[in-house]
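Visitor: A single structure is presented below for examination.
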Amino acid sequence: MAMVSMLISLPTLTTPNSSRVNRYWQAPKRSSAMALASANTEIATTGVKFAEGEEKLPMVVLTSSGGSEADIYLFGGCITSWKVPNGRDLLFVRPDAVFNKKKPISGGVPHCFPQFGPGTIQQHGFARNLDWSVIDSENVQGDPAITLELKDGEYSRSMWDFSFQALYKVTLQTKSLSTELVIKNTDSKPFSFSTALHTYFRASAQGASVKGLKGCKTLNKDPDPKNPLEGKEERDGVTFPGFVDCVYLEAPNVLHLDNGLGDIISIKNTNWTDAVLWNPYLTMEACYKDFVCVENAKIGNVQLEPGHTWTATQHLSIN
């Protein structure tokens with residue numbers, strides 16, 4: 001697997017309300033990145049810190065002035081934890097998750113790019129199997145943010161022969177977690193892709209429900225994922241009584257998840273045109289009761305011309 005170099009910023013400007021890191025030091029080899037993470041290094045930006053995660057994988061910890069916290073692994077550019085000020089983690093990482101780079105991290109907010117689901121390349125694409133780079137960080141009035149970057153390399157080109165740049169900005173506020181994904185075609189020829197944020201929410205699956213999907217066209221992958229059944233959602237609140245794997249086309253840009261644990265999570269987006277609900281039920285008996293996936297997605301292919309960009313945002317919040 002190709003290793004993407006990690007870029008770490010050095011301070012240039014600090015003001016009372018905003019600090020930004022925008023000069024870069026490049027860690028030439030994996031050992032340097034590990035050493036940095038082991039040192040639990042504080043980046044010059046307030047509320048942004050490198051740390052050592054599971055299996056010593058480098059991660060970035062964001063801490064807001066209001067007491068919330070988020071963990072982002074550079075491997076896969078994967079957010080694995082979002083703790084609100086009362087200490088509750090609203091995201092879920094499966095107990096079978098591994099942190100050895102041999103497979104994607106199973107949980108949190110994994111990337112699906114440049115393919116969602118099965119297709120001509122590996123399931124859900126390669127973005128969740130590569131190291132992303134830190135290229136920027138800032139803090140605006142106590143709200144820390146980090147920007148990660150992924151570019152094409154030998155590993156990605158072995159299955160998808162295009163040049164691209166993906167930028168992923170994660171911003172933490174006291175009661176919200178926001179992301180912005182920007183895909184740029186840096187090739188000389190057009191390409192197409194599909195994508196999603198495969199978000200795992202901590203939940204009581206039997207008590208969880210999602211509001212806002214009534215009236216949407218559905219593609220139900222149960223019982224046959226290769227031949228989904230077309231339909232229309234008639235329920236005000238969609239529940240998870242058993243195995244659930246359903247695509248909602250042209251979904252609204254605001255959904256509300258009741259996680260069954262006392263939290264109502266608002267899921268807002270721009271340009272993620274579709275939504276996916278998933279719970280594996282008895283196919284994942286060890287943990288299916290403890291989470292549901294509510295995924296913002298772009299199921300249909302995005303056609304991107306050379307030099308053009310596609311941008312989508314997600315904003316998770318609680319009251």
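The values are calculated or read from the model by the stated rules, or taken from the named source; none is laboratory data. If you're wondering where the values come from, they're calculated on a predicted model, not measured in any experiment. Positions of Cβ are backbone-derived with ideal geometry, glycine not excepted, and every protein chain shown enters the neighbour counts. Note: accessible area is taken over every heavy atom of the protein model, side chains too, but ligands, DNA and RNA are not part of it. Shrake-Rupley method; radii C 1.70, N 1.55, O 1.52, S 1.80 Å.
Visitor: What shape does region 151-227 take by its C-alpha gyration tensor, where a ≥ b ≥ c are the square roots of the eigenvalues and a/c under 1.5 counts as rounded, a/b above b/c as prolate, and the rest as oblate?
Guide: The shape class here is oblate.
Visitor: Please compute the modelled spin-label separation between S192 and N319, points set 7 Å along Cα→Cβ, answer in nm with one decimal.
Guide: The modelled label-to-label distance comes out at 4.3 nm.
Visitor: Quickly rank 220-231, 242-253 as a protection proxy: mean count of other C-beta atoms within 10 Å, highest first.
Guide: Averaged packing, sorted descending, gives the order 242-253, 220-231.
Visitor: Enumerate the aspartates and glutamates that K101 could reach by cross-link, defined here as Cα to Cα under 14 Å, with residues fewer than 8 away along the same chain left out.
Guide: By straight Cα distance, K101 reaches E54, E55, D131.
Visitor: Between beta-carbons, use under 13 Å as the cut-off and find the net charge around N271, counting Lys and Arg +1, Asp and Glu -1.
Guide: Charge balance near N271 sits at -1.
Visitor: Heavy-atom accessible area per residue, the chain, 1.4 Å probe: how many Å²?
Guide: The answer is 43 Å² per residue.
Visitor: Between S81 and residues 5 or more places away or on another chain, which pairs have amide H atoms under 5 Å apart, with H built 1.01 Å from N, and which residues are they?
Guide: Amide H neighbours of S81: D71.
Visitor: Considering Cα pairs under 8 angstrom that are at least six residues apart, work out the relative contact order of region 237-319 and quote it in whole percent.
Guide: 33 percent
Visitor: May I ask for the distance between the Cα centers of region 287-302 and region 251-285, given as a whole number of Å?
Guide: 7 Å
Visitor: Could I ask something else about it? How large is ³J(HN,Hα), in whole Hz, for each residue of region 116-124 in order, when computed from phi with the Karplus curve 6.51 cos²θ - 1.76 cosθ + 1.60 and θ = phi - 60°, using x for Gly and Pro?
Guide: The phi angles translate into 9, x, x, x, 6, 10, 5, 3, 6 Hz.
Visitor: Could you look at the chain and say what percent of its accessible area is carbon and sulfur, using a 1.4 Å probe and all protein chains?
Guide: The value for the chain is 49 percent carbon and sulfur by accessible area.
Visitor: Quick one: which of 152-163, 119-130 comes out on top by average Cβ neighbours within 10 Å, and what's the full order, highest first?
Guide: Per-residue Cβ counts within 10 Å, averaged per peptide and sorted highest first, yield 119-130, 152-163.
Visitor: Sort H308, H315, H256, H111 by heavy-atom solvent-accessible area, probe 1.4 angstrom, most to least.
Guide: Final ranking, largest accessible area leading: H308, H256, H315, H111.
Visitor: Further question: Cα gyration tensor of region 133-275, axes a ≥ b ≥ c as square roots of the eigenvalues: rounded (a/c below 1.5), prolate (a/b > b/c) or oblate?
Guide: It comes out oblate by the Cα gyration axes.
Visitor: Placing +1 on the Cβ of each Lys and Arg and -1 on the Cβ of each Asp and Glu in the chain, which of A44, W160, L172 has its Cα farthest towards the positive end of the resulting dipole?
Guide: A44
Visitor: While we're on this one: To the nearest 0.05, what FRET efficiency results for K102 and Q303 with a Förster distance of 22 Å applied to their C-beta separation?
Guide: It comes to 0.10.
Visitor: Roll a 1.4 Å probe over the protein heavy atoms and report the accessible area of K56 in Å², nearest 10.
Guide: 120 Å²
Visitor: Here is a further query. Taking H placed 1.01 Å from N in the peptide plane, check which residues at least 5 places from L130 or on another chain put their amide H under 5 Å from its amide H.
Guide: HN-HN under 5 Å from L130: G76.
Visitor: With θ set to phi - 60°, apply the Karplus curve 6.51 cos²θ - 1.76 cosθ + 1.60 along region 305-316 and write out the HN-Hα couplings as whole Hz, x wherever there is a Gly or Pro.
Guide: 7, x, x, 8, 10, 10, 10, 9, 10, 9, 10, 9
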